[in-house]
Amino acid sequence: MADSAEKLPPDNVVDTETIAAYLVSVETKSLAPAHLKSHLGFWLRFVSNHVSGSFAAKLKKAGVSVAEWVALRELYDGELAPSVLAGRLNVTRGAVTKLADRLIRRKLIYRRADTIDGRGQILALSAEGRALIPKLAALADRNDAECFGFLGSKERAQLEKFLKMIVHHHGLKNIPLS
């Protein structure tokens, strides 16, 4: 209201133009877009960027990208055809081929012929790749502890529950690779 008093003529005579200008300014203020920080999406992205950026930096020090970590972790559970890995990661077969080639050059995985379908190929962890997974998993655990360790067990369970509810509600399936 202090703003409106400043817009009144000095003799406090209110004319229709002054009232119209005041109403437009009030209406404009109420129609202004909400501040970024008023959106939950802003806060989710803010936290997500910090958590994933911190983890990506830890992986980089270990010589692995996030996408490589995800692929290695998927292969830790068992050998996979490149097409199956592509489906799990929701990337193209070409992207998996490039990813696999990098990991093969570093001797973390190997490619072999499919014994059932000789035309197909199978990707599997090498001994070095298998030995690396627990070390990388420890980095993931440490990153989680650094980012969320201040939460009590009930708060952490609630946060996880709410995030899973969002994932379920929207039918989200894609594993984050970056």
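The values are calculated or read from the model by the stated rules, or taken from the named source; none is laboratory data. Keep in mind it's a predicted model, so treat the numbers as computed, not measured. Glycine also receives a Cβ, built like all others from the backbone with ideal geometry; neighbour counts cover every protein chain displayed.
Run Arg93 past the list (1) surrounded by 12 or more Cβ atoms within 10 Å (Cβ to Cβ); (2) under 30 Å from Phe46 (Cβ atoms); (3) at pLDDT below 95 and report the number of the one that doesn't hold.
Here Arg93 meets the rest and fails (2).
Just need a number here: residues in segment 137-166 that are among the aliphatic types (A, V, I, L, M) and under 18 Å from Lys60 (Cα atoms).
Going through segment 137-166 one residue at a time, the tally reaches 4.
Kindly provide the set of residues from segment 151-163 that are basic (Lys, Arg) and either touching a residue at least 12 places away in the same chain (Cβ under 8 Å) or surrounded by fewer than 11 Cβ atoms within 10 Å (Cβ to Cβ) (or both), ordered by number.
Lys154, Lys161
Considering each residue of segment 123-150, count those that are outside any helix (DSSP H, G or I), in contact with a Leu (Cβ under 7 Å, 6 or more places away or on another chain) and not polar (S, T, N, Q), and give that number.
The qualifying residues number 3.
So if I check each of Leu108, Leu139, Leu125, which one is touching a Lys or Arg at 6+ places or on another chain (Cβ under 6 Å) and either surrounded by 15 or more Cβ atoms within 10 Å (Cβ to Cβ) or among the basic types (Lys, Arg) (or both)?
Leu139
Going through segment 60-110 one residue at a time, which ones are within 21 Å of Lys135 (Cβ to Cβ), among the basic types (Lys, Arg) and assigned to a helix (DSSP H, G or I)?
Lys60, Lys61, Arg73, Arg102, Arg105, listed by residue number.
What residue, among those in segment 18-75 that are polar (S, T, N, Q) and within 30 Å of Asp144 (Cβ to Cβ), is modelled with the lowest pLDDT?
So the residue we want is Ser38.
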